[in-house]
Amino acid sequence: MADATDSATEATSETTNAVEAPEATFKTKQSQEAEPKRSWGDEVDNAPDEEPSASTASEEKVVSELNVEGLTIEEEEKINTFLDEPEDSNVTAVTSDKTPYTSAKTFEDLNLSPELLKGIYVEMKFQKPSKIQAISLPMILTPPYKNLIAQAHNGSGKTTCFALGMLSRVDPKLKAPQALCICPTRELAIQNLQVVSKMAKYTGISSECAVPEEFPPSKIAVMTQIVIGTPGTIRKWMTIGKLSLRFMNILVFDEADHMLDEDGFRDYSLRIMRDIRKSSAHCQVLLFSATFNDTVRNFVTRIVEDYNKLLVKKEELSLDSVKQYKVYCPDELAKVMVVRDRIFELGEKMGQTIIFVSTKRGASDLHKALVELGYDVSTIQGGLDLGVRDKIVKEFKDGLTQVLISTDVLARGFDQQQVNLVINYDLPKKFGMCSEPDYEVYLHRVGRAGRFGRKGAVFNLLMADETALMEKIEKHFGSHVMEVPSWNNVEDFKVALKTAGLL
Ligand code: ADP
Ligand code: MG
């Protein structure tokens, strides 16, 4: 199995974008210097010292289809007329026994504590559950607290499902870790912690992050009730006896397909799962993601016992509220000009923009080129110091920066409602395969715009050698990506943005 520290998506490109100077000397063919294979989320923790085990495999139980129609939420009043219903397509629910689950029309239907309800209404300002929340929360919160494999669209509110799951399963009087959430990146762990602690404001439940810090962790035992972190640090805390698993009630994997993918964090995840089961046999396991490809799906159903599941067909996964465009660019310089003349000029009037590049080198080259042209842009990638990473994300979340260049470190999970424009400066490719797109990463990048049904647009900037990749992506998702007729015509971009509902 791949070790989590050397598995990759960031730094996957065989060719590295070489943007050397503004206006001038663009290498039309990019530098051939490949970056080393690294973790997708730039995990820098040390590898654990034991071999993982997949001995928990169980046969998939006989399943019965739930009447999903019966679970559809009535649209009494829109939360906000500006928003579309975040998930138009069907989620198929499958349960492993006859436990009756009814969908929750309101948060009150879920028998949450008054303190938690107050957090949802007053702090989060939610009015009613989204579809995935309405369907999954009764499954999570009803005894016998079955395991759950849940797929739902990007931006549909999955965090709330597992946050309420964790907060409901914690005994506030017991000062010990009882809920654990594992995420692929530092940024996502911090973001999820912020959501949980906001929701928990009136409950007295404590939560903390387990992410890499500048200094090694102390050995003082964690008393916090909810721990959210990255797999390497969580493993380390377990190994040094800092994190006790004795009272663990619930284990959550956010971006679960990546956490259990061979090219992701499978080793770490399995070890953590195995250790928790050893000390707490009845720990509920929740797996959430927008994507579960067939390989991961098969694997997951073998390692998780007795589960309910919610699934979406891949053709129905693209977000209808986000319009996808392709822009053919003759060379690298044209790509930079599109970013400079279209994205900065038009994008800044509308909201925030994330520009995805596949490599750290590509990110810093584009950053340098734009700064030299006099544009204010910030860039995040895993090679930066931890403090700098945190600062850049905070500034973007606070709205102090409008345009963020990012490697795939932010491709999954990053939630910023103001982001309505995503630029694929280059298309995501599977590691070591220059002709094979990474479909999951593409879908997750697109999903950074159009959060919770908001409108958004994606521009894929394509040079000749990326055309075939784009075609494969369109075919895979069964969706047609519209073409912007000319890369250097501002009117064409205005039409595209108007069609997307952004101008
Ligand atoms: P996902 O993990 O499914 O991609 P998130 O959990 O990050 O999506 O939620 C996307 C956005 O939707 C967040 O900004 C969140 O605050 C918002 N949201 C979630 N649930 C609700 C709700 N019930 N009502 C209104 N907004 C919600
Ligand atoms: Mg999420």
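A few comments on the model shown:
- Filter result (touching a Phe, Trp or Tyr at 6+ places or on another chain (Cβ under 7 Å) and among the hydroxyl-bearing types (S, T, Y)) within the range 401-447: S406, Y425
- Residue list for the range 261-305, filter: hydroxyl-bearing (S, T, Y) and within 16 Å of ligand 1 (Cβ to nearest atom): S289, T291
- Test for S197: is it outside the structural domain of I392 (by the TED database), surrounded by 24 or more Cβ atoms within 10 Å (Cβ to Cβ), more than 13 Å from ligand 2 (Cβ to nearest atom) and of a type in the set (G, A, S): no
- Of all residue pairs spaced 6 or more apart or on separate chains, none has beta-carbon atoms under 6 Å together with a first member in the range 352-376 that is outside the structural domain of V441 (by the TED database) and at pLDDT below 95 and a second member that is surrounded by 23 or more Cβ atoms within 10 Å (Cβ to Cβ) and not aliphatic (A, V, I, L, M).
- You will find that of V403, V371, V338, the residue that is aliphatic (A, V, I, L, M), in contact with a Leu (Cβ under 8 Å, 6 or more places away or on another chain) and away from ligand 2 (no atom under 16 Å from the Cβ) is V338 and no other.
- Within the range 480-503, the set of residues being among the polar types (S, T, N, Q) and in contact with a helix residue (DSSP H, G or I) (Cβ under 8 Å, 6 or more places away or on another chain) comprises S486, N488.
- Subset of the range 274-289 (residues that are farther than 16 Å from R246 by Cβ and more than 16 Å from ligand 2 (Cβ to nearest atom)): V285
- Close pairs from the range 173-197: first free of Cβ contacts under 8 Å to residues at least 12 places away in the same chain, partner within 15 Å of ligand 1 (Cβ to nearest atom) and not in a helix (DSSP H, G or I), Cβ under 7 Å, at least 6 apart: none
- Among (1) surrounded by 17 or more Cβ atoms within 10 Å (Cβ to Cβ); (2) assigned to a helix (DSSP H, G or I); (3) not polar (S, T, N, Q), the one test that V388 misses: (1)
- Options L174, L180, L167, L188; residue that is over 23 Å from the mean Cα position of the chain (by Cα) and under 21 Å from V227 (Cβ atoms): L174
- In the range 242-264, the residues that are at negative phi reach residues that are among the charged types (D, E, K, R) and within 13 Å of ligand 1 (Cβ to nearest atom) with C-beta atoms within less than 7 angstrom, at least six apart or across chains, in these pairs: H258/R412.
- Scanning the range 278-335 for residues that are in a loop (DSSP other than H, G, I, E, B) and among the aromatic types (F, W, Y) returns a single hit, F292.
- Search result, residues across the range 432-485 that are surrounded by fewer than 16 Cβ atoms within 10 Å (Cβ to Cβ) and on the phi > 0 side of the Ramachandran plot: G432, G478
- Positions within the range 458-499 being outside any strand (DSSP E or B) and of a type in the set (V, I, T), in sequence order: T467, I473, V481, V484, V490, V495, T499
- Of all residues in the range 358-376 being assigned to a loop (DSSP other than H, G, I, E, B) and surrounded by 20 or more Cβ atoms within 10 Å (Cβ to Cβ), the one that is farthest from the chain's Cα centre (by Cα): T359
- Count of residues meeting criterion [closer than 24 Å to V296 by Cα and either surrounded by fewer than 20 Cβ atoms within 10 Å (Cβ to Cβ) or without any contact (Cβ under 8 Å) to a residue 40 or more places away in the chain (or both)] in the range 397-414: 0
- Unique match (being at pLDDT 95 or above and within 16 Å of ligand 2 (Cβ to nearest atom)) among V388, V481, V419, V495: V419
- Just one of the numbered conditions (1) away from ligand 1 (no atom under 16 Å from the Cβ); (2) in a helix (DSSP H, G or I); (3) closer than 26 Å to G157 by Cα is not true of H258: (1).
- Applying the condition of being surrounded by fewer than 23 Cβ atoms within 10 Å (Cβ to Cβ) and within 20 Å of C283 (Cα to Cα) to the range 120-147 and asking which residue is farthest from ligand 1 (Cβ to nearest atom) yields P144.
The values are calculated or read from the model by the stated rules, or taken from the named source; none is laboratory data. Worth saying up front: this structure is predicted, and the values here are computed from it rather than measured. Here the Cβ is made from the backbone with ideal geometry for all residues, glycine too, and neighbour counts use every protein chain on show.
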